[in-house]
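S.K.: First, the structure itself, so that you have it in front of you.
The values are calculated or read from the model by the stated rules, or taken from the named source; none is laboratory data. On a predicted model such as this, the values are computed, not experimentally measured, just so you know. Note that we place each Cβ from the backbone using ideal geometry, even for glycine, and neighbour counts take in every protein chain shown.
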Amino acid sequence: MKNPRHIPVNGFTLIEVLVSLGIFVFAIVVIVGSLASSGNFAANDARRTLTVELLHTCFRDLDLVKLPGSPPSPTLGLTPIVWDTKPAKVRVWFDVAGNRVSDEKQAFFKCDLTATRDTTGFLGHLHGRIVWPARRKQGAPDGDVELFTSLLLP
């Protein structure tokens with residue numbers, strides 16, 4: 001005969017609920033952590049893409065003003081430089097959005113350009129280096145990120 005005090009109940013025990021809740025909380029913490037780090041990676045990739053565009057703009061503008069007497073470049077307003085065997089150096093600064101600024105203290109991206117001609121005078125060498133602060137976390141920068149490239153121009 002059946003025990004009259006034992007009533008079958010459908011459901012979960014408290015331990016089962018606590019274990020499943022613990023697994024759920026652990027999964028949420030892992031997902032939120034991965035979203036935060038993927039956001040940092042996306043921000044770094046966006047900055048790197050912007051620096052490539054800034055260097056490309058600088059190179060294009062310097063190519064446009066390589067002849068003496070040329071007007072200032074259309075995009076950045078760079079003045080003509082002397083392309084000679086002695087290196088000509090140009091410093092250009094940009095804010096975090098990629099707009100040119102005139103003061104290094106306001107700059108987020110700092111770009112150094114060096115233009116030279118080979119001894120024959122037929123081939124120009126253009127070197128570009130752009131530096132910006134590396135921010136992996138909130139607060140002070142963790143160092144600098146640098147991108148360097150060079151072109152040969154006729």
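S.K.: Identify the single condition in (1) surrounded by fewer than 17 Cβ atoms within 10 Å (Cβ to Cβ); (2) in contact with a Leu (Cβ under 9 Å, 6 or more places away or on another chain); (3) over 30 Å from GLY33 (Cα atoms); (4) of a type outside the set (Asp, Glu) that LEU78 does not satisfy, given that it satisfies every other one.
M.R.: So the condition that LEU78 fails would be (1).
S.K.: Pairs needed: first member in the stretch 53-71, in contact (Cβ under 8 Å) with a residue 24 or more places away in the chain; second member anywhere, hydroxyl-bearing (Ser, Thr, Tyr) and not in a helix (DSSP H, G or I); C-beta distance under 8 Å; at least 6 residues apart or different chains.
M.R.: LEU55/THR149; LEU62/SER73
S.K.: Another one. Can you go through ILE7, ILE15 and tell me which one is at pLDDT 90 or above, loosely packed, with under 10 Cβ neighbours inside 10 Å and farther than 18 Å from HIS127 by Cα? Please lay out each step first, then the result.
M.R.: Working: ILE7 fails: at pLDDT 90 or above.
None of the others qualify; the one that does is ILE15.
S.K.: OK, next. Name the single residue, out of those in the stretch 14-71 being touching a Pro at 6+ places or on another chain (Cβ under 8 Å) and of a type in the set (D, E, K, R), that is farthest from TRP93 (Cα to Cα).
M.R.: LYS66
Each row is one residue, and each column tells you yes or no for (1) out of contact with any Phe, Trp or Tyr (no Cβ under 6 Å at 6 or more places or on another chain); (2) within 17 Å of LEU147 (Cβ to Cβ); (3) at pLDDT 80 or above; (4) surrounded by 13 or more Cβ atoms within 10 Å (Cβ to Cβ).
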position: GLU104; (1), (2), (3), (4): no, no, yes, no
position: CYS111; (1), (2), (3), (4): yes, yes, yes, yes
position: ASP118; (1), (2), (3), (4): yes, no, yes, no
position: PHE122; (1), (2), (3), (4): yes, no, no, no
